[in-house]
Amino acid sequence: MDMGLRGKTALVCAASKGLGKACAMALAREGVNVTITARGVDVLEATAAEIRAATGARVVTVVGDITTEAGRAAALAATPDIDILVNNAGGPPPGDFRDWERDDWIKAVDANMLTPIFLIKAVVDGMIARKFGRIVNITSASVKSPIAALGMSNGARAGLTGFVAGLARQVARHNVTINGLLPGPFLTDRLRGTSAAMAGKTGRSLDDEIAFRMKDTPTGRAGDPAEFGDACVFLCAASSSYIVGQNLLLDGGAFNSMLG
Ligand code: NAP
């Protein structure tokens, strides 16, 4: 299927590893020129080289913290006329809300709600003028099925989801879509990290710990980031302009429901 994306330009935030990287790789395979960002330069450059070698796409790198104004300005400056924006950043830490002070909440809201909103604000009018835009927000399955220990994530990401639900319907007539991709457990460094911490407590090996965590899910496994990247491409496809304000859950069926 031709996704109709050849020659488009994408900014994929927080994309040196994991889900962001998978989105950038999948878009690049469709002939999209991508800008990828991350705070750490070495992994970012290695990822850029990997994407170039695999796809032949033009890959621009921007080192910086996307949750800061300077980080966002640098990413935007390096990427004129953005057609596709994939919003992503690290997730807030788990914990007990009794321990979280105002600054902790502000950090979470900055990263997982306000950063995507300010990036959307920066690009959406250009997309409207050019009559094409695809915005994908990487959030979390916790938006649909809250994870108690991830209270800051539940709250900040729900705020973003609520905001874009309205905006998506204001811009859709200009062939600009805004949708959410909601990852359940995907085999990224983040999942490996949380599983390693758990393995330290249970005495299981890392692989056994991951297998244990996934054994009761319908697919019985964690997601492959490449599957996530392909879903991102699908939402960005030229023919996906009728998919508006949706939240696509990729969790291997873990959320038990008749209606998705
Ligand atoms: P990951 O494998 O740890 O990768 C995170 C990527 O984001 C890295 O490239 C990292 O590079 C970059 N990054 C993090 N914070 C950044 C910042 N402030 N500015 C710029 N780049 C930043 O994580 P992941 O699993 O792909 O997760 C991506 C998002 O999905 C997170 O918000 C996570 O909470 C959410 N999520 C993941 C899962 C899962 O199972 N994987 C499930 C639900 C939700 P640097 O560290 O060098 O900046």
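The values are calculated or read from the model by the stated rules, or taken from the named source; none is laboratory data. No experiment lies behind these values; they were computed from the predicted model shown. When we count neighbours, we look across all protein chains shown, and the Cβ atoms used for this are built from the backbone with ideal geometry, even at glycine. Side chains are part of the model used for accessible areas, which takes the heavy atoms of the whole protein and leaves out ligands, DNA and RNA. Shrake-Rupley method; radii C 1.70, N 1.55, O 1.52, S 1.80 Å.
Send over the semi-axes of region 114-260's equivalent ellipsoid, whole angstrom and largest first, taken as the square roots of 5 times the C-alpha gyration tensor eigenvalues.
32, 16, 14
Out of residues 5 or more away from THR35 or on other chains, whose amide H comes under 5 Å of its own, with H placed 1.01 Å from N in the peptide plane?
HN-HN under 5 Å from THR35: ALA10, LEU11, VAL12, VAL60.
If you add up the charges near GLU101, with Lys and Arg at +1 and Asp and Glu at -1, over every other residue whose beta carbon is less than 15 angstrom from its beta carbon, what do you get?
-2
Using a Cα-Cα cut-off of under 27 Å, which lysines could be cross-linked to LYS17, ignoring same-chain neighbours fewer than 8 residues away?
LYS8, LYS107, LYS121, LYS144, LYS201, LYS215
Non-local amide H neighbours of GLY64 (under 5 Å, H modeled in plane, Pro and chain starts lacking H): which ones?
Distant-sequence amide H within range of GLY64: ALA38, ARG39.
Once each part is reduced to its C-alpha centroid, what is the distance from region 94-132 to region 52-91 in angstrom?
Using only Cα atoms, the two centres lie 15 Å from each other.
Short version: ³J(HN,Hα) in whole Hz for each residue of region 99-110, in order, from phi by Karplus 6.51 cos²θ - 1.76 cosθ + 1.60 (θ = phi - 60°), x for Gly and Pro, what are they?
8, 8, 9, 3, 4, 5, 5, 4, 4, 5, 5, 4
Go through region 165-178 residue by residue and turn each phi into a ³J(HN,Hα) via Karplus (6.51, -1.76, 1.60, θ = phi - 60°); whole Hz please, and just put x for glycine and proline.
These are the phi-based 3J(HN,Hα) values: 4, x, 4, 4, 7, 7, 9, 4, 5, 9, 6, 10, 10, 10 Hz.
Tally up the carbon and sulfur contribution to the accessible surface of the chain as a whole percent, 1.4 Å probe, everything protein left in place.
That fraction is 56 percent.
What Cys residues in the chain are without a partner cysteine, judged by a Cβ distance under 4.7 Å?
CYS13, CYS236, each lacking another Cys Cβ under 4.7 Å.
Test of understanding: what is the full-extension gain from GLU69 to ASN256, defined as 0.36 nm times their sequence separation minus their Cα-Cα distance?
The GLU69-ASN256 span can extend by a further 63.4 nm.
Convert each backbone phi in region 66-76 into a coupling constant with the Karplus relation 6.51 cos²θ - 1.76 cosθ + 1.60 (shift: θ = phi - 60°), then list the ³J(HN,Hα) values in order as whole Hz, x for Gly and Pro.
5, 7, 10, 4, 5, x, 5, 4, 5, 5, 5
Can you pull the semi-axes for the chain, root of five times each eigenvalue of the Cα gyration tensor, sorted largest first, whole Å?
Computed over the chain, the values are 28, 21, 19 Å.
Taking the Cβ-Cβ separation of ASP2 and ARG169 as r and a Förster radius of 30 Å, what is the calculated FRET efficiency to the nearest 0.05?
0.60
Tell me which of LEU114, LEU182, VAL124 sits at the most positive position along the dipole axis of the chain, charges placed on C-beta atoms (Lys, Arg +1; Asp, Glu -1).
My answer, from the dipole projection, is VAL124.
Rank-order 210-216, 69-75, 95-101, 34-40 by packing density, defined as the average count of other C-beta atoms within 10 Å over each peptide's residues, highest first.
34-40, 69-75, 210-216, 95-101
Please compute the per residue accessible area over the chain with all protein chains in place, 1.4 Å probe, rounded to a whole number of Å².
Ligands and nucleic acids excluded, the figure is 48 Å² per residue.
Would you please give the residues with an amide H less than 5 Å from that of LEU250, counting only those at least 5 places away or on a separate chain, with H modeled from the backbone geometry?
Those qualifying (amide H under 5 Å, at least 5 residues apart or on another chain) are LEU182, GLY184.
Mind ordering 149-155, 83-89 by average Cβ neighbours within 10 Å, highest first?
Working: 149-155: 19.0, 83-89: 25.4.
So the order, starting with the most tightly packed, is 83-89, 149-155.
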